[in-house]
Amino acid sequence: MGLSLDEGPLVIPVSFARQGDRILFHGSTGSRRMRTVAEGAQICFTVTAVDALKISRSLEGTGLAYRSAVLFGTCTLLDGEEKSQALNDYVDRYVPGRTGEVRASTAKEEAATMVLALPIDQWSMKVSPNPPADGAEDLLSDAWAGMLPLRTGFTEAIPAPDLRPGVPLPASVEQLLAR
């Protein structure tokens, strides 16, 4: 998330969840930057998915195949039941089904957490899915050209060092590992 502060522009890496036609962010109520956003600061939020490395026959054409979206606007501060539901949606975005496996947030935890919603109203999108486009003179080269698809995924579940012995891996985590 990018915003302009008195001391200058700032980009903060944030996790997010989509809930219908808005993007959700959460953070500490003690964060000056989160409070600035909650008070109506204009923000820019960017998401990029890198799909492949483009390898060209020349130095000029090497790059990335990607999908990128940029959203602009101001956030709304959520509270009450809307905030509670947003926190559940947020957790389930990353680990589907997890909210059914653990206790709900306490009132103290929710009071310490700020949830902001950015409407998906103003946005820009750019997609670069094509293989490298070498010039005619490079097509006769013996240099290899093509795409190296990027694959990401979970590899293993590493238990917390303080996890009691015998606590099984939950279904939500097993499902993520099986993807």
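Just one of the listed residues (124, 141) is surrounded by 10 or more Cβ atoms within 10 Å (Cβ to Cβ), of a type in the set (S, T, N, Q) and either within 27 Å of residue 57 (Cβ to Cβ) or in contact with an Asp or Glu (Cβ under 8 Å, 6 or more places away or on another chain) (or both), and it is 141. I'd like to check something: does region 19-32 contain any residue that is closer than 24 Å to residue 92 by Cα, aliphatic (A, V, I, L, M) and modelled with pLDDT of 95 or more? Looking for residues that are closer than 24 Å to residue 92 by Cα, aliphatic (A, V, I, L, M) and modelled with pLDDT of 95 or more, one finds at least one in region 19-32, hence yes. Can residue 59 be described as in contact with a Ser or Thr (Cβ under 8 Å, 6 or more places away or on another chain), under 23 Å from residue 126 (Cβ atoms), of a type in the set (A, V, I, L, M, F, W, C) and modelled with pLDDT under 95? Judged against the criteria, residue 59 is not a match.
For region 48-73, the candidate set comprises residues that are under 18 Å from the mean Cα position of the chain (by Cα) and β-branched (Val, Ile, Thr); within that set, the residue that is surrounded by the most Cβ atoms within 10 Å (Cβ to Cβ) is 70.
Looking across region 75-101, the residues that are among the β-branched types (Val, Ile, Thr) and over 18 Å from the mean Cα position of the chain (by Cα) come down to 76, 99. Looking only at region 30-48, decide whether some residue is out of contact with any His (no Cβ under 6 Å at 6 or more places or on another chain), among the small types (Gly, Ala, Ser) and part of a strand (DSSP E or B). No; the residues of region 30-48 include none that is out of contact with any His (no Cβ under 6 Å at 6 or more places or on another chain), among the small types (Gly, Ala, Ser) and part of a strand (DSSP E or B). The residues of region 90-120 include none that are under 16 Å from residue 169 (Cα atoms) and touching a Gly at 6+ places or on another chain (Cβ under 7 Å). Within region 1-26, being part of a strand (DSSP E or B) and either acidic (Asp, Glu) or on the phi > 0 side of the Ramachandran plot (or both) holds for one residue alone: 8. All of (1) without any contact (Cβ under 8 Å) to a residue 24 or more places away in the chain; (2) under 26 Å from residue 48 (Cβ atoms); (3) small (Gly, Ala, Ser) hold for residue 146 with one exception: (1). Summed over region 101-120, the residues that are touching a residue at least 60 places away in the same chain (Cβ under 8 Å) and of a type outside the set (S, T, N, Q) give a count of 10. Every condition in (1) in a strand (DSSP E or B); (2) more than 19 Å from residue 19 (Cα to Cα) is met by residue 68 except one, and the failing one is (2). Identification of strands (runs of 3 or more DSSP E) wholly contained in region 87-171 with 2 or more residues that are farther than 25 Å from residue 25 by Cβ, modelled with pLDDT of 95 or more and out of contact with any helix residue (DSSP H, G or I) (no Cβ under 7 Å at 6 or more places or on another chain) yields 146-149.
The values are calculated or read from the model by the stated rules, or taken from the named source; none is laboratory data. Please read these numbers as outputs of a predicted model, since none were measured by experiment. With ideal geometry, Cβ positions are generated from the backbone for all residues, glycine too; neighbour counts draw on all protein chains shown.
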